[in-house]
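No value in this document is a laboratory result; all are computed from the given coordinates. Here the structure is a predicted model, which means the values were calculated and not measured. Cβ sites come from the backbone with ideal geometry, for glycine too, and all protein chains shown count toward neighbours.
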Amino acid sequence: MNILAIESSCDETSASVLSNGKICSNVVATQLIHTQYGGVVPELASRAHQQHILPVVDKALTDAKVTKKDLDAIAFTKGPGLLGALLVGTSFAKSMALGLGLPLIEVNHMQAHVLAHFIQDPKPEFPFLCLTVSGGHTQIVKITSPLEMEVIGQTRDDAVGEAFDKTAKLLDLPYPGGPLIDKYAKLGDPVAYTFPLPEMPELDFSFSGIKTSFMYFLQKQVRENPNFIQENIADICASVQHTLVNILLKKLKKAAKETGIKEIAIAGGVSANSGLRTSLLELGQQLNWKVYIPDFEYCTDNAAMIAIAAHYKYLNDDFCDQTVSPMARMEF
Ligand code: ATP
Ligand code: MG
Ligand code: FE
């Protein structure tokens, strides 16, 4: 059984082929055009998807040594994401399915981030908790089966990835700044500067206040010493990262305690963060958790996670028809 999956929700055009439950190819074209604008420009993202989608799909098929005739279904990201970007992948998948007479499978991008854990071994056991941290979302998800999951906590304002990227922008680092904060943080002192953690009810998060605290702190320091950022970049990045990771882990700890679940996973672009990975492993040892961290390749946006999510839907006969449209906002 061969599934072709297409991801186009933001600034990665990606295609993957899954054969008999195994990922055989995962091609990702990251759009570099946005770097010069300091963030993703939606209209440019749509155009870049249009340019990339054909060669990316072609390469995914070639890499997997699968031809169009061998396909059994076409899967695509329906949402959430940028509407114009999603439209490119959705239209492409629909046309291909129509032309080849194949069934279509719609996939929720955030569920796919979680299901990236089922691409490789070891796989989490049900029920497990997943902290999904990305450019647009921050969620704690309780997963009872591949097709049954529930958001039990989430951000009430900004996503943690956005907090990384916006803080990086204040530090004059290019977009996306998250990976660069991570890089400098490795050389700095995580408690050089301390910031008060936000108090949020239940399992919810907030990152807009802490982002503003970072901004006021930097403005004040720069007034006193115009070279403050250049001279202390490593300590600033380490302290910012330490603060953001602490906010995440505090709530994850609470969720594990309340649910009694000790199978704990992380997913999404920010799960590539080395500070989060290390602190989670330490906390897991302390609290007797079994911790699951995806390979870097499956943290940020990729179509392999769409393919594995589609695999479970295929097994469950969960298909959609040609009237399907993408959705910028999409619940589970
Ligand atoms: P969503 O999945 O919510 O729709 P998205 O698809 O844009 O958003 P991802 O591609 O999953 O998000 O993740 C991108 C985010 O991950 C960016 O904010 C980026 O800065 C962040 N990120 C990637 N690597 C790291 C890292 N090493 N440290 C911190 N943040 C990182
Ligand atoms: Mg991206
Ligand atoms: Fe994503």
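Where strands (runs of 3 or more DSSP E) sit wholly within segment 1-45, those with at least 2 residues that are over 24 Å from Lys123 (Cβ atoms) and not charged (D, E, K, R) occupy 22-30. The requirement of being buried (at least 16 other Cβ atoms within 10 Å of the Cβ), within 16 Å of ligand 3 (Cβ to nearest atom) and aromatic (Phe, Trp, Tyr) is fulfilled nowhere in segment 299-318; no residue meets it.
Candidates Thr90, Thr77, Thr62, Thr35: the one that is surrounded by fewer than 16 Cβ atoms within 10 Å (Cβ to Cβ), hydroxyl-bearing (Ser, Thr, Tyr) and within 16 Å of ligand 1 (Cβ to nearest atom) is Thr35. Residue count for segment 133-144 under the criterion of being in contact with a Phe, Trp or Tyr (Cβ under 6 Å, 6 or more places away or on another chain) and away from ligand 3 (no atom under 16 Å from the Cβ): the result is 2.
Filtering segment 111-133 to residues that are within 16 Å of ligand 2 (Cβ to nearest atom) and either over 16 Å from Ile293 (Cα atoms) or surrounded by fewer than 24 Cβ atoms within 10 Å (Cβ to Cβ) (or both) leaves nothing.
For segment 233-285, taking the residues that are of a type in the set (Gly, Ala, Ser) and free of Cβ contacts under 8 Å to residues at least 40 places away in the same chain, the one that is surrounded by the fewest Cβ atoms within 10 Å (Cβ to Cβ) is identified as Gly260. With respect to Lys166, determine if the residue is basic (Lys, Arg) and within 16 Å of ligand 2 (Cβ to nearest atom). For Lys166, the condition - basic (Lys, Arg) and within 16 Å of ligand 2 (Cβ to nearest atom) - is met.
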